Structure formats: C-alpha cells, structure tokens
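Student: This is the structure I have questions about; it appears just below.
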Amino acid sequence: MNHPTYDAVVIGGGHNALVCAAYLGRAGLKVVVLERRHLLGGAAATEELWPGYKVSTASYVVSLMSHEIVRELDLARHGYHVYPIDPSAYYVSHDGPGILLWDEPDKAAREIAKLSGHDAEAYLRYSKNMSELAALVRPLLFRIPPDVGMRSVGELREATGLGRYTFAHRKDIARLVDLMTLSVADFLDRYFVNEAVKGALAFGGVIGSWGGPMSPGSAYVLLHHRMGEAGGVRGGWGFVRGGMGALSDAIADSARSAGVEIRTEADVASVDIVDGRARGVTLRDGSELRGRAVVSGTHPTITFRDLVGEAHLPDGLAEEMRNYRTRGSSAKVNLAISELPDFTAMPGTRLGPQHPEFVISPSVDYLEQAWDDAKYGRPSARPMVDCVIPSTLDPTLAPEGRYVATCFVQYSPEKLAQGTWDEERDALGDRVIDAITQYAPNFKNSIEHRQVLTPVDLEERFGLIGGNIFHGEMSLDQLFSFRPAPGVAGYRAPVDGLYLCGSGAHPGGGVMGIPGLNASKVVAKDLRPRRWARR
C-alpha cells in the first residue's frame, strides 16, 4: 500500500511546531503538520467560549516570542499585532495604593518611592542588573545544546564555542550561576526591604513553577520571563490582537505560504519505528504517513512514552523520562464580565492603568503560604492570581460594553490529597473570584460567564502533562544540554530520524518559538545531504 510521503512529519500544531514547520517549508522541504484538536495553537489558542467572547483559554500574554522569528516569518503580514501592556501590571494592596509597575525603570521607581525610598533606588540597580543578565543569556537561547557525551565533531565544536563565550563573559557568568541557585526570596532580599515590593517582583519567579519563592533555584524563572520584548520594550509584555490563537494562526499562514500542509483533527497514535529508525506515523483512524524525519512538538513524555514506546528507547532513557519532573501548579479561570473592577485602593470602572493586568501577590510570605498548601495536596486557600483583561486594549474580543477576563492561578496541585478535581473545580473558581472581590468589591456581581480549567484539564486539553505550562520544570538540571534529559540534547532524539521541537527542549517554556526555530536548523541540516545526493 502506498502512503503519503514527506520530508518531515511534524506532530502537534502548537506554536513551536508551527514555527519549525514554517522554517522547514522555507528550506524547500515537503512538510505536513498533524494537530489532534480542531484548532491550531496548542496552549496558544483562542476559543469563543460564549457568543461574542473570544478567550485565550490557556496562554494569555506574549513577550518571549522571538523578534527574529516575527521578522523572518513575516508574521505582521499574516495578521500578527501586539498591544503593549504598560504598566506591566497593577499589584493590588489592601493597606496602600498598590504598585503600578511601569516598563520604564525611572517611572517604576517613582511609583515604588511612594512605599519606600530605599527600594526605589534599589529598583534601578535591580532593573539594570536583570537587563544585563538577560542580555548575557539571550544569545544562548539560540544555541544548539551539545550532548554531554560529545558524540560528534559538531557537538565538540559547539561546546568549544560555548567555552569561549563563557570565558569572555566569566564575571557575568558567575553572577548568572549565583542567580540560578538562589531562591527568589533570597535574591530579592539583596535589593529590597518593603514586603509589597518584594511580593510584586517575586510573582515573576514562581509563575508556572512547582515551588515557592523560598525554593532554591526559583530566581532563574524570574530571569526567564525577562528575555523577551513587546512593542519594542525589552522585558515588556503585550496582548495579541485576536487573542493568542491569532499568533498561532499567523505562524500557520506563514507556513502554508511556504508550502506546508496542515491538518487538524489528525490524532497521531504512534511514531512508526522500522529497523531502529522513525519512518513516519500512524493516526488514530489507522491511516499512515511516511517521512524521512518525524518532528514532535508534543510534551517529551508523550513523545517517548506514548508515541514511540519504551521498547524502542536506548538503555537508561526510559528511566530518565520517568524521572523527568513535570509537576504543575497552575489553573486558569476564564470569565466574561459586565464592567471593569472597581478597586478599593484605586477606584473607578472607567478604563485606567490598573485594569489591563492586575496581580494578587502582596508579599513573599503570602506566596510561600499559598505554596505550602499545594505541596501538601491542597489548592491554595489564598491563591496568587494574575488577571488580565485583554479586551481593554483589543475590543474585538468581547461585545461592546463587556469584557473578557482570564486569571492565571497558583497554586493548584494536579494530585489532591483529598477528593478529585471534578469535585473541587467549582470551589477553585469561587476562591479565585472571592480573592479578587476582596480588592474590587464589584467584581463578583460583574461575572456573567466562567470557565475553570484545573491542572487535569490543562493536561487533557493541551497535553500539558501534570498541568506544567513549560512542558517540564525549568530547574537547573532540566535546562540546556539536560533538557529534557542527558542524551536528548540538540533536538535529536536517540532514535534515528526523530526530533523534538517543543517546550520540552531547549530553551524551555513560554510562547517564544525558539525551540521550533532551533530544531528546524538541525532537521534541515540532517536532511540536506540526502536531498543533494538525490538531485
């Protein structure tokens, strides 16, 4: 029987997989993308949950998306547009006016000075130091991590280049290693004394993490979220016009313009291994597709455990993947509201700087207590909440006079000590709404619709194993050449013809597209000699 044959079969229609496919298509390869769901984007998707309300159901803001990818794939021509959020957030407070954390450091410092003159001066040093560290790490995001075994001349050459880069920046590398081993709390204590200021900044170090602000290594996540830009502002954040799915659609359109075939409702059942090599895939409906390369944008656990199967993995890798930490702590509460929150500390339901994004993270102790609940299998009684109202800047998302609000919530452990998430789902939604209503008394009565997505829902809908939004924890032992495991670095799986291109590969999670870009270079390089020989 003849089966459709491609140069590359890409599994998953998430943003990284689409980026990889687009670059492979531009390299002249015949590529097909297979997405399990009825819509593209993976966790970067927009769904009309209620008539007239378009919601970014999982991922909800953009910053890390590589400017190089946006330019090279001409995403603006395909409809991609970002509304910058400035201030980046309003950090609410019962005891004071709260903090508007503006993108411009001097402006943010003036805001912080209302609480602490010492911390206002410290913030300028903190912002400068974080920007320097981000500039140090940013070029490493685009490097192909060498395998720790140095199994090829190319990997040795890459390691030598990294050694030269490290030596040239050895003083800054020492600062980076210091940051990567510290907790957020310890790192911020070096700069700040005011608890509200530390609580506001600590938020960025724990978001999506299985750990609290006092957990060693949590400070790196703080830096990870400073890598990107929005609206030309380094470290800035923004809303995608049309929701996060519009970004995925723009990448898909760019891929199609390069000749890439994209299929939805194409659920891959297995990667077909023949004579030790990936030769294609079989779909749930029994149809088969052949390819010289199979590129997986799914979670590494799904790729190796479910699609390849442990019997086809080399000794040790199956155990490595069983030990791969992918515990999640996040939930989402998506809402349709009739009016903007009227904050006690910053009143008004007319659009103000406090409305596009606001965060409940009043102190480091508050976050640590929320984490204490989760690590013992309980949803946080007093959760951290990051709520965005993207329709404040993008009116296409909601009917006139109405708004979409989406809340990222921590901490919500996947495995509960008591009960199930089916039993606890509504209680989680109530707890989040009550937490916001403490600061904005009109909030609860403004809600017209709601959707609650627990960690179990995030896994079932989006393939985020354990509810982990990064496709695996962003810890020192699961980064760079160790992501997702030693021997699986550089996007090549230890099965010939099989590659990884999702967030479970370097440089990790977030809507950035860089894993897809880097993987495309490796795949194209491996396939190119055969194409020349064939010609």
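Student: Within segment 376-403, track down each residue that is in contact with a strand residue (DSSP E or B) (Cβ under 8 Å, 6 or more places away or on another chain) and over 27 Å from SER209 (Cα atoms).
Tutor: Scanning segment 376-403 gives SER391, THR392, LEU393, ASP394, THR396, LEU397, ALA398, PRO399, ARG402, TYR403.
Student: Right, here's the next one. Considering each residue of segment 404-447, count those that are touching a strand residue (DSSP E or B) at 6+ places or on another chain (Cβ under 9 Å), open to solvent by 50 Å² or more (accessible area, probe 1.4 Å), in contact (Cβ under 8 Å) with a residue 40 or more places away in the chain and not basic (Lys, Arg), and give that number.
Tutor: So the answer is 2.
Student: Being of a type in the set (A, V, I, L, M, F, W, C), under 24 Å from the mean Cα position of the chain (by Cα) and open to solvent by 10 Å² or more (accessible area, probe 1.4 Å) is the filter here, so list the residues in segment 365-394 that pass it.
Tutor: TRP371, LEU393
Student: Pick from PRO341, PRO347, PRO362: which is out of contact with any helix residue (DSSP H, G or I) (no Cβ under 7 Å at 6 or more places or on another chain), farther than 23 Å from VAL456 by Cβ and part of a loop (DSSP other than H, G, I, E, B)? Don't jump to the end; show me each part of the working.
Tutor: Values: PRO341 fails: out of contact with any helix residue (DSSP H, G or I) (no Cβ under 7 Å at 6 or more places or on another chain); PRO362 fails: out of contact with any helix residue (DSSP H, G or I) (no Cβ under 7 Å at 6 or more places or on another chain).
Testing whether each residue is out of contact with any helix residue (DSSP H, G or I) (no Cβ under 7 Å at 6 or more places or on another chain), farther than 23 Å from VAL456 by Cβ and part of a loop (DSSP other than H, G, I, E, B) leaves just PRO347.
Student: Can you pull out every residue in segment 18-36 that is out of contact with any Ser or Thr (no Cβ under 7 Å at 6 or more places or on another chain), of a type outside the set (Val, Ile, Thr) and at negative phi? Outline the logic, then answer.
Tutor: Looking only at segment 18-36, we keep the residues that are out of contact with any Ser or Thr (no Cβ under 7 Å at 6 or more places or on another chain), and these are 19, 21, 25-34, 36.
Filter once more, keeping what is of a type outside the set (Val, Ile, Thr): 21, 25-30, 34, 36.
Of everything in segment 18-36, those that are out of contact with any Ser or Thr (no Cβ under 7 Å at 6 or more places or on another chain), of a type outside the set (Val, Ile, Thr) and at negative phi turn out to be ALA21, GLY25, ARG26, ALA27, LEU29, LYS30, LEU34, ARG36.
Student: Can I ask one more? Somewhere in segment 114-133, is a residue aliphatic (A, V, I, L, M), in contact with a strand residue (DSSP E or B) (Cβ under 8 Å, 6 or more places away or on another chain) and open to solvent by less than 10 Å² (accessible area, probe 1.4 Å)? Break it down into steps so the answer makes sense when it comes.
Tutor: The first filter runs over segment 114-133 and keeps only residues aliphatic (A, V, I, L, M), leaving 115, 120, 122, 124, 130, 133.
With the extra rule that they be in contact with a strand residue (DSSP E or B) (Cβ under 8 Å, 6 or more places away or on another chain), the set shrinks to 115.
Retained after the next criterion (residues that are open to solvent by less than 10 Å² (accessible area, probe 1.4 Å)): none.
Scanning segment 114-133, I find no residue that is aliphatic (A, V, I, L, M), in contact with a strand residue (DSSP E or B) (Cβ under 8 Å, 6 or more places away or on another chain) and open to solvent by less than 10 Å² (accessible area, probe 1.4 Å), so the answer is no.
Student: Related question: When the residues of segment 253-283 are filtered to those that are more than 14 Å from GLY12 (Cα to Cα) and of a type in the set (Lys, Arg), which remaining residue is surrounded by the fewest Cβ atoms within 10 Å (Cβ to Cβ)?
Tutor: In this case the residue turns out to be ARG277.
Student: Please tell me if GLY12 is closer than 24 Å to PRO395 by Cβ, open to solvent by less than 20 Å² (accessible area, probe 1.4 Å), under 23 Å from the mean Cα position of the chain (by Cα) and touching a residue at least 60 places away in the same chain (Cβ under 8 Å). It would help to see each step written out before you state the result.
Tutor: Working: closer than 24 Å to PRO395 by Cβ: no; open to solvent by less than 20 Å² (accessible area, probe 1.4 Å): yes; under 23 Å from the mean Cα position of the chain (by Cα): yes; touching a residue at least 60 places away in the same chain (Cβ under 8 Å): yes.
No, not satisfied.
Student: Further question on the same structure: In segment 194-230, what residues are among the aliphatic types (A, V, I, L, M) and either surrounded by 24 or more Cβ atoms within 10 Å (Cβ to Cβ) or in a helix (DSSP H, G or I) (or both)?
Tutor: We begin by selecting, within segment 194-230, every residue among the aliphatic types (A, V, I, L, M); these are 196-197, 200-202, 206-207, 214, 219, 221-223, 227, 230.
ALA196, VAL197, ALA200, LEU201, ALA202, VAL206, ALA219, VAL221, LEU222, LEU223, ALA230, listed by residue number.
Student: For segment 82-102, enumerate the residues that are open to solvent by 40 Å² or more (accessible area, probe 1.4 Å) and either farther than 19 Å from VAL511 by Cα or of a type in the set (Ser, Thr, Tyr) (or both). Can you show your working first?
Tutor: Filtering segment 82-102 for residues open to solvent by 40 Å² or more (accessible area, probe 1.4 Å) gives 83-84, 86, 94-95, 97, 102.
Matches in segment 82-102: TYR83, ASP86, HIS94, ASP95, PRO97, TRP102.
Student: Here are some residues: LEU351, LEU317, LEU335. Which one is closer than 30 Å to ILE447 by Cβ, under 27 Å from the mean Cα position of the chain (by Cα) and either surrounded by 17 or more Cβ atoms within 10 Å (Cβ to Cβ) or modelled with pLDDT of 95 or more (or both)?
Tutor: On the way: LEU351 fails: under 27 Å from the mean Cα position of the chain (by Cα); LEU317 fails: closer than 30 Å to ILE447 by Cβ.
Checking each option against the conditions leaves just LEU335.
Student: Does LYS332 satisfy the criteria of being assigned to a loop (DSSP other than H, G, I, E, B) and closer than 22 Å to GLU459 by Cβ?
Tutor: Numbers: assigned to a loop (DSSP other than H, G, I, E, B): no; closer than 22 Å to GLU459 by Cβ: yes.
So LYS332 fails the test.
Student: Looking at (1) crowded, with 19+ Cβ neighbours inside 10 Å; (2) in contact with a helix residue (DSSP H, G or I) (Cβ under 6 Å, 6 or more places away or on another chain); (3) touching a residue at least 40 places away in the same chain (Cβ under 8 Å), which is the one condition that is false for GLY79?
Tutor: (1)
Student: Still on this structure: Considering only segment 320-332, state which residues are closer than 20 Å to GLU414 by Cα and either of a type outside the set (A, V, I, L, M) or open to solvent by less than 10 Å² (accessible area, probe 1.4 Å) (or both).
Tutor: If the condition is that a residue be closer than 20 Å to GLU414 by Cα and either of a type outside the set (A, V, I, L, M) or open to solvent by less than 10 Å² (accessible area, probe 1.4 Å) (or both), then ARG322, ASN323, TYR324, ARG325, THR326, ARG327, GLY328, SER329, SER330, ALA331, LYS332 are the ones that fit.
Student: Failed condition for THR303, given (1) touching a helix residue (DSSP H, G or I) at 6+ places or on another chain (Cβ under 8 Å); (2) open to solvent by less than 20 Å² (accessible area, probe 1.4 Å), with all others met?
Tutor: (1)
Student: Still on this structure, please answer the following. Which members of segment 164-193 meet the condition of being part of a loop (DSSP other than H, G, I, E, B) and in contact with a Lys or Arg (Cβ under 9 Å, 6 or more places away or on another chain)?
Tutor: Our first condition is that a residue be part of a loop (DSSP other than H, G, I, E, B); within segment 164-193, this holds for 169, 182-183, 190-193.
Once the filter is applied, which keeps residues that are part of a loop (DSSP other than H, G, I, E, B) and in contact with a Lys or Arg (Cβ under 9 Å, 6 or more places away or on another chain), segment 164-193 yields LEU182, TYR191, PHE192.
Student: While we're here: What's the number of the only condition in (1) modelled with pLDDT under 95; (2) under 21 Å from the mean Cα position of the chain (by Cα) that LEU247 fails to meet?
Tutor: With (1) modelled with pLDDT under 95; (2) under 21 Å from the mean Cα position of the chain (by Cα) applied to LEU247, the lone miss is (1).
Student: Here's a follow-up. Within segment 458-492, take every residue that is under 16 Å from TYR60 (Cβ atoms) and open to solvent by 20 Å² or more (accessible area, probe 1.4 Å) and give me the one that is nearest to the chain's Cα centre (by Cα). Even if it seems obvious, please write down each step before you answer.
Tutor: Kept after step one, since they are under 16 Å from TYR60 (Cβ atoms), are these residues of segment 458-492: 458, 461-462, 464, 467, 469-470.
Imposing the further condition that a residue be open to solvent by 20 Å² or more (accessible area, probe 1.4 Å) reduces the set to 461-462, 469.
Details: ARG461: 16, PHE462: 12, ILE469: 6 Å.
Looking at residues that are under 16 Å from TYR60 (Cβ atoms) and open to solvent by 20 Å² or more (accessible area, probe 1.4 Å), I get ILE469.
Student: Has segment 258-272 got at least one residue that is in contact (Cβ under 8 Å) with a residue 60 or more places away in the chain and assigned to a helix (DSSP H, G or I)?
Tutor: Within segment 258-272, the subset in contact (Cβ under 8 Å) with a residue 60 or more places away in the chain is 258-268, 271.
If we keep only those that are assigned to a helix (DSSP H, G or I) too, we end up with none.
No, because not a single residue in segment 258-272 is in contact (Cβ under 8 Å) with a residue 60 or more places away in the chain and assigned to a helix (DSSP H, G or I).
Student: From ARG226, ARG292, ARG241, which residue is basic (Lys, Arg) and under 30 Å from VAL177 (Cα atoms)?
Tutor: ARG226
Student: In this structure, does VAL511 turn out to be in a helix (DSSP H, G or I), out of contact with any Gly (no Cβ under 8 Å at 6 or more places or on another chain) and surrounded by 24 or more Cβ atoms within 10 Å (Cβ to Cβ)?
Tutor: Values: in a helix (DSSP H, G or I): no; out of contact with any Gly (no Cβ under 8 Å at 6 or more places or on another chain): yes; surrounded by 24 or more Cβ atoms within 10 Å (Cβ to Cβ): yes.
No, not satisfied.
Student: I've got another one for you. Would you tally the residues in segment 285-338 being of a type in the set (Val, Ile, Thr) and farther than 20 Å from ASP272 by Cβ? Steps first, please.
Tutor: Keep residues of segment 285-338 that are of a type in the set (Val, Ile, Thr), which gives 294-295, 298, 301-303, 308, 326, 333, 337.
Filter once more, keeping what is farther than 20 Å from ASP272 by Cβ: 326, 333, 337.
Total satisfying the criteria: 3.
Student: From the list VAL55, VAL70, VAL62, exactly one residue is open to solvent by less than 50 Å² (accessible area, probe 1.4 Å), touching a Phe, Trp or Tyr at 6+ places or on another chain (Cβ under 9 Å) and more than 18 Å from GLY508 (Cα to Cα). Which is it?
Tutor: Details: VAL55 fails: touching a Phe, Trp or Tyr at 6+ places or on another chain (Cβ under 9 Å); VAL62 fails: more than 18 Å from GLY508 (Cα to Cα).
Sole residue among the options that is open to solvent by less than 50 Å² (accessible area, probe 1.4 Å), touching a Phe, Trp or Tyr at 6+ places or on another chain (Cβ under 9 Å) and more than 18 Å from GLY508 (Cα to Cα): VAL70.
Student: I'm trying to understand the selection: among the residues of segment 231-252, which are among the small types (Gly, Ala, Ser) and open to solvent by 50 Å² or more (accessible area, probe 1.4 Å)?
Tutor: Listed by number, the residues that qualify are GLY231, GLY232.
The values are calculated or read from the model by the stated rules, or taken from the named source; none is laboratory data. Computed from a prediction, not measured in an experiment: that's the story for all the values here. Reconstructed Cβ throughout: ideal geometry from the backbone, glycine too, with neighbour counts over all protein chains shown. Heavy atoms of the whole protein, side chains included, go into the accessibility calculation; ligands, DNA and RNA do not. Shrake-Rupley method; radii C 1.70, N 1.55, O 1.52, S 1.80 Å.
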